[in-house]
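Here the structure comes first, spelled out in structure tokens, and everything after it is commentary.
The values are calculated or read from the model by the stated rules, or taken from the named source; none is laboratory data. In this text, all values refer to a predicted model and were calculated from it rather than measured experimentally. Here the Cβ positions follow ideal geometry from the backbone for every residue, glycine too, while neighbour counts run over all protein chains shown. Only protein heavy atoms, including side chains, enter the accessible area calculation; ligands, DNA and RNA are left aside. Shrake-Rupley method; radii C 1.70, N 1.55, O 1.52, S 1.80 Å.
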Amino acid sequence: MKGDTLIKELDCEILYRRKEGGTKDLRSFIASDLMSDVLLVDNEIDILITSLSTAQAIRTADIVSAIGVVIVNGKPVSADMKAAAKEFDITLLRTKLSTFQTCGIIHRLKEHAA
Amino acid sequence: MTIKDLTRCAQLKLVQEDFDDAVITGGYTSDLLSDVMAHAAADNVLITIQAHINTIAVAKLVGIRALIIANDREILEDMAQAAKKERIAIFCSTLNQFDLSVLIGQLLAKDHAR
Amino acid sequence: MIDKNIPIKAEDSASLILDLIYQLKIKDVMSRDLVVACAQDTLHHIKTLMKQRNVTGIPIVKKDRLLGILSIDDIFKALDNGYMDELAEKYMSKKLVILEEDMPLAFAISYFDKFKYGRFPVVDKDNLLVGMITSRDINVGLLMAINKEVSRMEEMLAQNAPVDAKNFRKVFRIRKYDFEHAGIASNRIKKLLTERKHDPRDIRRVAVAMYEMEINITVHSEGGTLTVAIDQDRAEIVAKDAAPGIENPELALQEGYSTANEWIKSLGFGAGMGLANIRRVSDEFEFQSSLGKGTTVRAVIYFKNKKGEEHDH
């Protein structure tokens, strides 16, 4: 699945788009609001789905080499977070959907792609 | 779909079984209890990694009747006791928040199609 | 010796001074060597005292209680008008602006700005005179504090000096509750390892261990340091903080055990996974803590995997 499909299907607002945005095939997703929990994961992560709308979410995404963060529930995003997204060149998206809904849609998109 | 239907799901292990059955119409996935308080609905099953007695307090507040602890987090005795007192079901799963959201979403969709 | 690499940038130095003027108290910089006079002393006596002790203002006291201040301007007036034999109590200024010794230095600075006096008397909490403060005292006090800070930074730089190109050593200073910067040190190390083309799995282990340590210091301590040493074979990270330490280290290692408050949890931390996470990714793990003595965590990660090709992201 490409980033554009994700953006369209989740009706995302693009807060920052990484320089090579849209090129990678997205396969691995994680949904969590606790950053230590994200750090526990051993396999590759492409996209972090979270309601944590602070710069820490971006820094955590960078540590695990994710290329994008999706903020759910239409939560307000701090200027710090946008600045961090730019600094680490990580795509930052925002959807009005909940984590539960977002995961369901992504799963359908993955099945569709496969 | 009711909580009893969830007990038949192989990926979910019922760890607190003294519960009152109730209808489930949706799911809510979050690890931030304040977020659960703000957005979850009473007929949601809560998917979280917060295996903590406070989670029961929040579930009670919102009216949630069942919760699923992701990533196989250990449930401590005080949490189980509190849930028992409130007659709230606790399930445990080795799946993460993303996969549990997908799983519950699929079960709900199947139920709806019937 | 001043090194051109001392990390004081324009914006940092401003914040350093801002920090200092709130950290330092008036009692840290005021002069305690008081030159005082009594209400019954003559202006002539006070003039002599000013000359002898090289001061331009003298508090007039009765048993440490401040009655007024006589300045050199008052003496000039007395000389001009010929009343040098009269008593201090008649000409001292009684409208006093007083500072308290426990106020931050910032208060004194704003007082000098607001009132056009050259000095302010300082009293303790019982309202007794304990010192005087002039703008010179503030300058000297600040310079000494900055000097100390610079030596500390130089010390850190010395520790940071690279042994050779292959070996890397750096000390990061982590502040309490500074979530704005927590994690940045880990992001930098990750970038460095990526540039050196280490295997992504090894990079991730180092970054995860370091990030958790950074967050631990930010959340739980009064501030501390992270020392990172990297050579060809391994990365060693040592987190050290001075206080407050952990009452029950055994419990702290358990997954899910957390003493973090709701505010920290709302930031996505404090799930009680930190130490367990560090241990999980490390090849060597040491953890020492005692209440009042602070905490030290040491993690070593061996670069087990061959250096990877360019990162695929």
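When you look at the Cβ of every residue in C:104-116, what mean number of other chain Cβ atoms sits within 10 Å? Numbers along the way, then the final one.
On the way: counts 0, 0, 0, 0, 0, 0, 0, 0, 0, 0, 0, 0, 0.
So the per-residue partner count for this stretch is 0.
If the cut-off is 14 Å between C-alpha atoms, which aspartates and glutamates fall inside it for C:Lys293, apart from same-chain ones fewer than 8 positions away?
C:Glu222, C:Asp241, C:Glu247
Dipole magnitude of the protein assembly as shown about its Cα centre, charges +1 at Lys/Arg Cβ and -1 at Asp/Glu Cβ only, in debye to the nearest 20?
Values: 72 positive and 78 negative charges, 166 e Å.
Roughly 800 debye, rounded to the nearest 20.
Hey, which lysines would be in cross-link range of C:Lys95, C-alpha to C-alpha under 23 Å, not counting anything within fewer than 8 residues on its own chain?
Filter leaves C:Lys27, C:Lys47, C:Lys62, C:Lys63, C:Lys77, C:Lys114, C:Lys116, C:Lys125.
Taking a cut-off of 16 Å between Cα atoms, list the aspartates and glutamates near C:Lys90, but don't count ones fewer than 8 places away on the same chain.
Excluding near neighbours in sequence, the set is C:Asp41, C:Asp73, C:Asp74.
Could you give me the ³J(HN,Hα) list for segment A:57-65, computed from phi with Karplus coefficients 6.51, -1.76, 1.60 and θ = phi - 60°, whole Hz, x at Gly and Pro?
5, 5, 5, 5, 4, 5, 4, 8, 6
When you look at the Cβ of every residue in A:38-46, what mean number of other chain Cβ atoms sits within 10 Å?
Working: counts 3, 13, 11, 4, 6, 1, 5, 1, 1.
So the per-residue partner count for this stretch is 5.
May I ask you to evaluate 6.51 cos²θ - 1.76 cosθ + 1.60, the Karplus curve with θ = phi - 60°, for each residue of segment B:75-80 and list the ³J(HN,Hα) values in order in whole Hz, giving x for glycine and proline?
Whole-Hz 3J(HN,Hα) from phi for segment B:75-80: 9, 7, 4, 5, 5, 4.
In whole percent, and with a 1.4 Å probe on the protein chains, what portion of the accessible area of the protein assembly as shown is carbon and sulfur? Provide the component values of the computation, followed by the final result.
Details: 13730 of 27220 Å².
Reported share for carbon and sulfur atoms: 50 percent.
Using 19 Å as the Cα-Cα cut-off, could you pick out the over-long pairs in A:Lys19/C:Lys191; A:Lys75/C:Lys190; A:Lys2/A:Lys110? If you can, show how the numbers build up before the last one.
On the way: A:Lys19/C:Lys191 17 Å; A:Lys75/C:Lys190 29 Å; A:Lys2/A:Lys110 10 Å.
Over 19 Å Cα-Cα: A:Lys75/C:Lys190.
Mind listing which GluC sites (Glu not before Pro) in segment B:66-114 are in a DSSP loop and have 14 or fewer other Cβ atoms within 10 Å?
Details: sites: B:Glu74, B:Glu77, B:Glu86; in loops: B:Glu74.
For GluC sites (Glu not before Pro) across segment B:66-114 that sit outside H, G, I, E and B with at most 14 neighbouring Cβ atoms in 10 Å, the list reads B:Glu74.
Going highest first, how would you order B:60-71, A:72-83, C:223-234 by mean Cβ packing within 10 Å?
Values: B:60-71: 21.6, A:72-83: 15.8, C:223-234: 17.3.
Final packing ranking: B:60-71, C:223-234, A:72-83.
With Cβ to Cβ distances under 12 Å as the rule, what net charge do the other residues near C:Met144 carry (K, R +1; D, E -1)? Don't jump to the answer; show the numbers that get you there.
Working: positive: C:Lys148; negative: C:Asp28, C:Asp137, C:Glu149.
With Lys, Arg at +1 and Asp, Glu at -1, the neighbours total -2.
Might you report the magnitude of the Cβ-based charge dipole of chain A about its Cα centre, with Lys and Arg at +1 and Asp and Glu at -1, to the nearest 20 debye?
Details: 15 positive and 16 negative charges, 69 e Å.
Dipole size: approximately 340 debye.
Averaged across the residues of B:68-77, what count of C-beta atoms belonging to other chains lies within 10 Å of each residue's C-beta? Walk me through the intermediate numbers first.
Working: counts 0, 0, 3, 4, 0, 6, 3, 1, 2, 0.
Mean number of neighbouring Cβ atoms from other chains: 2.
So what's the protein assembly as shown giving for Cα Rg divided by 2.2 N^0.38 Å, two decimals?
Values: Rg = 31.6 Å, N = 541, 2.2 N^0.38 = 24.0 Å.
Relative to the 2.2 N^0.38 Å estimate, the protein assembly as shown comes out at 1.31.
Compare the Cα positions of A:Leu109, B:Ile56, C:Met273 along the charge dipole of the protein assembly as shown (+1 at Cβ of Lys, Arg; -1 at Cβ of Asp, Glu; about the Cα centre) and return the one farthest towards the positive end.
It is A:Leu109, whose Cα lies furthest towards the positive end.
Among C:Ala242, C:Asn167, C:Val219, whose Cα projects farthest towards the positive end of the dipole of the protein assembly as shown, with charges put on the beta-carbon of Lys, Arg (+1) and Asp, Glu (-1)?
Checking the options against the dipole of the protein assembly as shown, the answer is C:Asn167.
Can you figure out the FRET efficiency of C:Lys166 with C:Asp126, using R₀ = 45 Å and their beta-carbon distance, to the nearest 0.05? Walk me through the numbers before you get to the answer.
On the way: r = 63 Å, r/R0 = 1.39.
Given R0 = 45 Å and the Cβ-Cβ separation, E is 0.10.
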